[in-house]
Amino acid sequence: MITRTFDRESMTWSYEMHLQPMLSATDIPGLPFGSVFGSVPAHTVSKRHAHQDDEVFIVLKGEAVVVLDGEELRTKAGDVVHLTPFGFHEIRNDTDEPYDIVSIFWESVPSATNALKANEARAKLPENALVCCPPVTPNGGLHLGHLSGPYVRADMYVRALRSMGRRARYLTGTDDHQSHVAFKAGGGGAEATALAASWRERIEDTLTRAAIDVDRFTVSAVEGEQAARIRSLFDRVLESPSVTWEKKESAYCQSCDQSLYQAFVEGACFTCGADSNGEICEACGRPNEARELVDARCRTCGGAVTVHEETSAWIDLGSHIDRLRAYLNDADTPPDLRTLLDGLLDAPGGLAPYRLTRTGDWGLPVGEEGRRLDAWVDLALTYLDAVRSETEEHGPADVALFLGYDNSYYYAILLPVLAFVVDLADLLPSSFVTNQFLHLDGDKFSTSRGHAVWADDALEGSGSDQVRLALLRRAPEGRVTSISTDETADLDGDPLLQDAAVWLNGFGELIEEFGPEVPGTGAWTDTHREFYRYLGSVTEQLDGLLIPASFSSRGYVVLLDSFVTRAREFRFTEEAQRRVPTQQEEARTSLALEYLAAKVFAGLAWPVVPALAEDVWWWLGNTGRPEREQSWPFLPPGTSCADPAGRFGTT
């Protein structure tokens, strides 16, 4: 006889609850399930997670809410709950007593397979989405490194949602109050204002030329209604008990008589040793105080940094850490961001306070002379103001934030805390999609060193489809990637464009032999059925790569490559049959499937290469923008398609 006894002293901490092994196949050979005792402490929420197993909870003691994919059930001693495979679940114990259970789990492949079929990717995509990108710092133009980060990838997501008939709006802008603008202009004031305005116009034009369709473009303000709203939000921040005014030592250049922060100071990160400006290290993503940089020096004169005392408003981020953890646990966060956040939240000493105001002559004035709102606080409040306006004008939306990994601290820690204190947490992103850096020839893009390929030059030389495809194929997802100078000079040679041109222009030969009208289907073969099945399955696979939690433009482009290859192979294998007199009914189905494949390609490729996709869509007799069907209907029989005669590019 084998027995097990519930023993709190023998439990270990896992899944953010206490667990103790019970019985498994290790104890009883052939036992078809595993089991554990579990206990969720009072006022604790277990880790939200999913797995391929079926699972049953038998409640031994206590009362708690079991959550499964948004469905909530309050349970008590004696209740039994079944959890389906791949369903995200957690236990929320809001009582003063522990919640004790037995968990029994087993693997059933049919059950898991059926759960996957019922849990289709498209159902996870929002009906109404607001897709946000960090505003561009207008101290220069956009190079390919800039464009490759959030901007093209976010547009890909927006287009995909729109092609499904979902509402998706794109929000970005320029962050004029960043210190990099003032540094480039040689100081604040009229020169910096003029510089920002000049580059802002160029930036907007570049985004348009890259076929990035922005719906709301925000600009930092120092006057007018927007500035008044930002000041009002900041006044609410100052009312928080976590905000205090303190006199502290700050980095300072005596020669320039200037407070040093952000772009005005440089040195080495004390965490990773990489070159860094003040307040954030782009390499490791960790925050710093400018005076803490190793070998810190003034960027204006090159002199060594000294310190002096400044009175500023500071917010105690650590006092909000529990709410911050809860928010981040609910939000979709990619692995690189999650790793950084866990390191920051669990660091010895916790989160350091953040300075809300700066001493200088650039930015939104707040309070006494020479006091300005910190640029990142300004950015966060401008974000909240813009999303609030979007919600008021267009209704609630699921917010996805595409951002560079180097901005993670500001958007995943500072922004949420500020939203908490002004009671606008409902406007925060539910999903984060990060990117690392795209390098040129293995080194970081650098304007100062002239190590860059400007987006305008690339767009002028190749066009939007070619630039977008090159950047989406090499997107720095989860790691740093690189593009070579030679590759930027030959963007037309991308294999997807080359192979698609061969396949699509090849319809000219079909039209010459069988006529310009699309036939209706006739008799089907196994080959036809499997190709038709493939068109649906590849659509579902590509849908899965659009979910923010699993978003991958690189994976998406690879699947488009294979789609074109599969379509070309289908043509090769069908050509002989189409000329057999006794197989004319099968030939009609074969040709109808070819035209359907072209329609599917247009719908699936539009997020990546919109100009080509639209051209294919219209060539097939459709109107409007390409649509992304869930089940693809054939083109109406009799639809006339002209000889493409090279309209889809050259090889």
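The values are calculated or read from the model by the stated rules, or taken from the named source; none is laboratory data. Computed from a predicted model, the values in this text were never measured in an experiment. Every residue, glycine among them, receives a Cβ derived from its backbone with ideal geometry; neighbour counts consider all protein chains shown.
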_Cβ-Cβ under 8 Å pairs, at least 6 apart or on other chains, the stretch 155-166 side modelled with pLDDT under 95, far side among the basic types (Lys, Arg)_ = none
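So which of ALA192, ALA168 ends up being touching a helix residue (DSSP H, G or I) at 6+ places or on another chain (Cβ under 8 Å) and outside any helix (DSSP H, G or I)? So that I can check it myself, show each step before the final result.
Values: ALA192 fails: outside any helix (DSSP H, G or I).
Answer to the check: ALA168.
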*When you go through (1) exposed (fewer than 15 other Cβ atoms within 10 Å of the Cβ); (2) in contact with a Pro (Cβ under 9 Å, 6 or more places away or on another chain); (3) farther than 22 Å from CYS132 by Cα one by one for GLU279, which number turns out not to apply?*
(1)
_Consider the stretch 581-631. How many of its residues are surrounded by fewer than 17 Cβ atoms within 10 Å (Cβ to Cβ) and among the aromatic types (Phe, Trp, Tyr)?_
1
*Inside the stretch 237-255, can you point out the residues that are surrounded by 15 or more Cβ atoms within 10 Å (Cβ to Cβ) and either outside any strand (DSSP E or B) or out of contact with any helix residue (DSSP H, G or I) (no Cβ under 9 Å at 6 or more places or on another chain) (or both)?*
VAL237, LEU238, SER240, SER242
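Conditions (1) closer than 21 Å to PHE531 by Cβ; (2) in a helix (DSSP H, G or I); (3) within 31 Å of the chain's Cα centre (by Cα), marked per residue:
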{"site": "GLN583", "(1), (2), (3)": "yes, yes, no"}
{"site": "LEU604", "(1), (2), (3)": "yes, yes, yes"}
{"site": "VAL608", "(1), (2), (3)": "no, no, yes"}
{"site": "TRP617", "(1), (2), (3)": "yes, yes, yes"}
*Just wondering, is there one or more residues in the stretch 8-17 that are at positive phi and either part of a strand (DSSP E or B) or surrounded by fewer than 16 Cβ atoms within 10 Å (Cβ to Cβ) (or both)?*
no
*Filter the stretch 32-64 for residues that are of a type in the set (Val, Ile, Thr) and more than 31 Å from the chain's Cα centre (by Cα); which is surrounded by the most Cβ atoms within 10 Å (Cβ to Cβ)?*
VAL40
*If you go through the stretch 509-547, how many residues are polar (S, T, N, Q), more than 21 Å from ASN622 (Cβ to Cβ) and outside any helix (DSSP H, G or I)?*
1
*asked:* It is to be established whether one or more residues within the stretch 313-329 are within 22 Å of PHE183 (Cα to Cα), more than 28 Å from the chain's Cα centre (by Cα) and surrounded by 14 or more Cβ atoms within 10 Å (Cβ to Cβ).
replied: no
*Of these, THR434, THR521, which one is modelled with pLDDT of 95 or more, in the same structural domain as LEU144 (by TED's automatic domain parsing) and of a type outside the set (A, V, I, L, M)?*
THR434
